[in-house]
Amino acid sequence: MTTEPSLVPNETTLTASGIARLANVGRAAVSNWRRRYADFPTPVGGTPASPSFDAREVESWLRRHGRLHRASTDEWAWRHIESYQPAAQISDVLGIAGALLLVRASQTQATDAGLPTPRQLVTRLRALDRALATMVDPLLPKQWTAQLDTLLRVVDQLGTEQGPETAFEYLHHRYASSAHSMSGLAGTPDAVAEVMLALAGQGTHTFDFTSGTGSILRMAADQALARGTATRCYAQEINPQYALITMLRLWLLHLRARRSIDTEPPVVHVGDSLLADALPDLRADVVVANFPFGIHEWGHDQLAYDPRWTYGLPPRTEPELAWVQHALAHLAPGGTAVVLMPPAAASRPAGRRVRAELIRRGALRAVVALPAGLMPPTGIGLHVWVLTQPDPHQPPAGDLLMVDTTAAPDRPLTDTVASAWSTYRSPAYAELPGVHRAVPVIDILDDHVDLTPQRHLPQTHGSATDPAQVITRIDEFDRLLDQLRHNLPAVAPAPDTPLRDAPHADIADLIRSGSITVHRAPNRSRSTGTTATTVVLTAADILSGSPATGTTTRTTDDEPGPDVRPDDILVPVIGHKISARVATPEQIGAELGPGTQLIRVDTTRFDPWFIAGVISHTDNLRIAGRASSTGNGAMRIDIRRLSIPVLALEQQHTYGEAFRRLAEFRTTLERASATGATLAREINDALTSGVLGLTH
């Protein structure tokens, strides 16, 4: 029977955040335990505001009270890697864990001999691949530390449960999506890799000269194996930690592949592909790359006369065009290179001569615009360039395929791209208006040589504005204008009003008396344990008066947010102004989401719309607002700092009705503004295209 490992084998003290992580709760729960339980461990250091506790005492207390998070083996394994100290060595530790899993995968029989020693591990790796053993050896201590011993035993257990390859892929996925992998620069997301390989096709040799952690190459090898074929993977990566992870991932897949087909092991080199090409003679059938963008110190001066620049010397500010020509230099005749590019590279003036030469000689065959957000941390929509090695005995292609995947949001991304590329290469190509088109080269080779797909894919006639839709929207706009006129309350100058000299009561005092209560959604745990997604009310829903549209994820142990009741006053927590609204019928029963708060009043004493109106007074932001961390000037609103006028309930009802109509006026005004802006654009487009005419 396996003993559950300690969560804190390498820590002597824990902060409140560390305790919360062990228990899969928020920090507020930890503070609550300290107050409620007399046997909770006492601080051993830190400050009163940020105390630290003995790690073993805390773990023991959590176990006694049944609050220690019951994580699965894969979660235990990742937590040990994630919490490894020193943190700078986490990538190395992942490599050591992968080396152990690879050795286990290579064993023909199961063994109960326990962990191999560091020297035994290197010896077994050397029997597989001397280059791999050379990469791992410098990372290993002479003997396992207590920290590494515990970590590797959990990883070994994970490999037994899931299989070594599956176990390492899980750990890699967690690593690539964590902050330790340089914000996602280590791996290429599967959705992007699938698109690139759909364009690249099949080959016996696949090369990635900036492999990261090998995501594209591994997918290429896995796809080949699924087809019953093999591709030998070649890689070069400047980061030695990423290179090792690439080698381990490819080797684990290679061990699986060679059970059924004859395949050669992967080749991985460490180094700068441009300045120190480790495979100058390699000519691969498939070249794929997701290289770093915008690095101007890429070796422009040292490589001024490099033979790879057959399409022109890349300007210093155009390193991506250097990578493109490096890809072509390693491409076999008839092969395909597919590279990920920043959209600016399609149109920057400095690179137009090289772009023109790539097109003129037939090396560049397609440019694909991807949707935004596929490659975190960047939010822009990247491009994919497809290149082939020109045949000197054949005339260059007379056109270039342009694909805009954002114009077909309802179709699977890979299907859209693969279909466009396949039909483009067939004799009976037919464009899909607005999505893909074979653009004549003569139309591109102008003074700009702009390769942005959207520039060459005009809107289709079928997407022009429907005249009947425009007329319907005009009628809708008229109705909104009528509502606007009706919603404004009748007002007039008055020398004296009930609100002018009314006494005020502090909301904080009313809260203490129980006549007003304030509720917020609880803080959510950041744990990756069992979770559920719930629809909740957002700040935007409050402002628009719409039903709940937001979602939040909470673990099964998290408390749900308060439900909205009739007459509840809803207020966003952060904003440039205080916008209090009484819950609409569609919002009643919804769960309060993050960034929102509600005020619940005694309706025998207060009119909810009256309270919402006086709270929303412009000057109240100065009193209730505190600087927030949003960086856009918005304020965090604490309504407990405010006071409200004291009026008779009947007078409150009168003002409350006026405040309600004003809230409806603001909502209708926003709808009218949005509808009017859309209407103006549609009429402009319809007149220009001739769909609508002017009446006299």
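The values are calculated or read from the model by the stated rules, or taken from the named source; none is laboratory data. Keep in mind that this is a model prediction, so the values were computed, not measured. In this analysis, Cβ positions are derived from the backbone assuming ideal geometry, glycine residues included, and neighbour counts consider all displayed protein chains. Calculation scope for accessible area: heavy atoms of the full protein, side chains included, ligands and nucleic acids excluded. Shrake-Rupley method; radii C 1.70, N 1.55, O 1.52, S 1.80 Å.
Taking the conditions exactly as written (among the polar types (S, T, N, Q) and in a loop (DSSP other than H, G, I, E, B)), does T188 satisfy them or not?
On the way: among the polar types (S, T, N, Q): yes; in a loop (DSSP other than H, G, I, E, B): yes.
So T188 passes the test.
For the range 376-399, residues that are assigned to a strand (DSSP E or B) and without any contact (Cβ under 8 Å) to a residue 12 or more places away in the chain total 0.
Out of (1) in contact with a strand residue (DSSP E or B) (Cβ under 6 Å, 6 or more places away or on another chain); (2) at pLDDT 95 or above; (3) not charged (D, E, K, R), what's the single condition that is false for P343? Failed condition: (2). The lone criterion from (1) at positive phi; (2) touching a Leu at 6+ places or on another chain (Cβ under 9 Å) left unmet by G271 is number (2). If you take the residues of the range 246-284 that are farther than 30 Å from P319 by Cα and over 35 Å from the mean Cα position of the chain (by Cα), which of them is surrounded by the most Cβ atoms within 10 Å (Cβ to Cβ)? Across the range 246-284, the extreme among qualifying residues is T263. Within the range 303-315, residues that are of a type in the set (S, T, N, Q) reach partners that are surrounded by 17 or more Cβ atoms within 10 Å (Cβ to Cβ) with beta carbons closer than 8 Å, at six or more positions or on different chains, in the pairs T310/Q325; T310/L328; T310/A329.
So if I check each of T528, T551, T555, which one is at pLDDT below 90, β-branched (V, I, T) and in contact with a helix residue (DSSP H, G or I) (Cβ under 7 Å, 6 or more places away or on another chain)?
On the way: T551 fails: in contact with a helix residue (DSSP H, G or I) (Cβ under 7 Å, 6 or more places away or on another chain); T555 fails: in contact with a helix residue (DSSP H, G or I) (Cβ under 7 Å, 6 or more places away or on another chain).
Selected residue: T528, the only one of T528, T551, T555 that is at pLDDT below 90, β-branched (V, I, T) and in contact with a helix residue (DSSP H, G or I) (Cβ under 7 Å, 6 or more places away or on another chain).
Contact map, the range 324-351: residues that are touching a residue at least 12 places away in the same chain (Cβ under 8 Å) paired with residues that are basic (K, R) and open to solvent by 20 Å² or more (accessible area, probe 1.4 Å), Cβ distance under 6 Å, separation 6+ or inter-chain. Pairs shown: Q325/R308; H326/R308; A329/R308; A332/R283. The residues in the range 535-556 that are in a loop (DSSP other than H, G, I, E, B), open to solvent by 60 Å² or more (accessible area, probe 1.4 Å) and not β-branched (V, I, T) can be counted, and the count is 1. Can you name every residue in the range 557-577 that is touching a residue at least 24 places away in the same chain (Cβ under 8 Å), within 19 Å of F606 (Cα to Cα) and open to solvent by 10 Å² or more (accessible area, probe 1.4 Å)? Once the filter is applied, which keeps residues that are touching a residue at least 24 places away in the same chain (Cβ under 8 Å), within 19 Å of F606 (Cα to Cα) and open to solvent by 10 Å² or more (accessible area, probe 1.4 Å), the range 557-577 yields R565, D567.
The residues listed here are A87, A55, A77; of these, the one that is under 19 Å from T150 (Cα atoms), touching a residue at least 12 places away in the same chain (Cβ under 8 Å), in contact with a helix residue (DSSP H, G or I) (Cβ under 9 Å, 6 or more places away or on another chain) and surrounded by fewer than 13 Cβ atoms within 10 Å (Cβ to Cβ) is A87. In summary, G693 fulfils each of the numbered conditions (1) without any contact (Cβ under 8 Å) to a residue 40 or more places away in the chain; (2) of a type in the set (G, A, S); (3) within 28 Å of A548 (Cα to Cα) with the single exception of condition (3).
Condition test on E297, is it within 28 Å of the chain's Cα centre (by Cα) and without any contact (Cβ under 8 Å) to a residue 60 or more places away in the chain? Taking the combined requirement at face value, the residue does not satisfy it.
Quick check, is E476 at pLDDT 85 or above, among the acidic types (D, E) and open to solvent by 80 Å² or more (accessible area, probe 1.4 Å)? If you could, list the steps in order and put the result at the bottom.
On the way: at pLDDT 85 or above: yes; among the acidic types (D, E): yes; open to solvent by 80 Å² or more (accessible area, probe 1.4 Å): no.
For E476, the condition - at pLDDT 85 or above, among the acidic types (D, E) and open to solvent by 80 Å² or more (accessible area, probe 1.4 Å) - is not met.
Screening G373 with (1) open to solvent by 10 Å² or more (accessible area, probe 1.4 Å); (2) within 16 Å of D404 (Cα to Cα); (3) in contact (Cβ under 8 Å) with a residue 24 or more places away in the chain gives one miss only, at (3).
Does R411 satisfy being modelled with pLDDT under 95 and part of a loop (DSSP other than H, G, I, E, B)? Walk me through it before giving the result.
Values: modelled with pLDDT under 95: yes; part of a loop (DSSP other than H, G, I, E, B): yes.
Here the answer is yes, as R411 does meet what is asked.
The residues on offer are D149, D129, and the sole one that is at pLDDT 90 or above, open to solvent by 20 Å² or more (accessible area, probe 1.4 Å) and touching a Leu at 6+ places or on another chain (Cβ under 8 Å) is D149.
Quick check on this structure: which one of T229, T210 is buried (at least 19 other Cβ atoms within 10 Å of the Cβ) and either touching a Pro at 6+ places or on another chain (Cβ under 6 Å) or not in a helix (DSSP H, G or I) (or both)? Let's see the steps before the verdict.
Numbers: T229 fails: buried (at least 19 other Cβ atoms within 10 Å of the Cβ).
Going through T229, T210 in turn, the sole match is T210.
Identify, please: which residue in the range 376-422 is open to solvent by 60 Å² or more (accessible area, probe 1.4 Å) and hydroxyl-bearing (S, T, Y) and is, among those, nearest to V338 (Cα to Cα)? The selected residue is S422. From the list L197, L140, the lone residue that is buried (at least 17 other Cβ atoms within 10 Å of the Cβ), more than 29 Å from the chain's Cα centre (by Cα) and touching a residue at least 12 places away in the same chain (Cβ under 8 Å) is L140.
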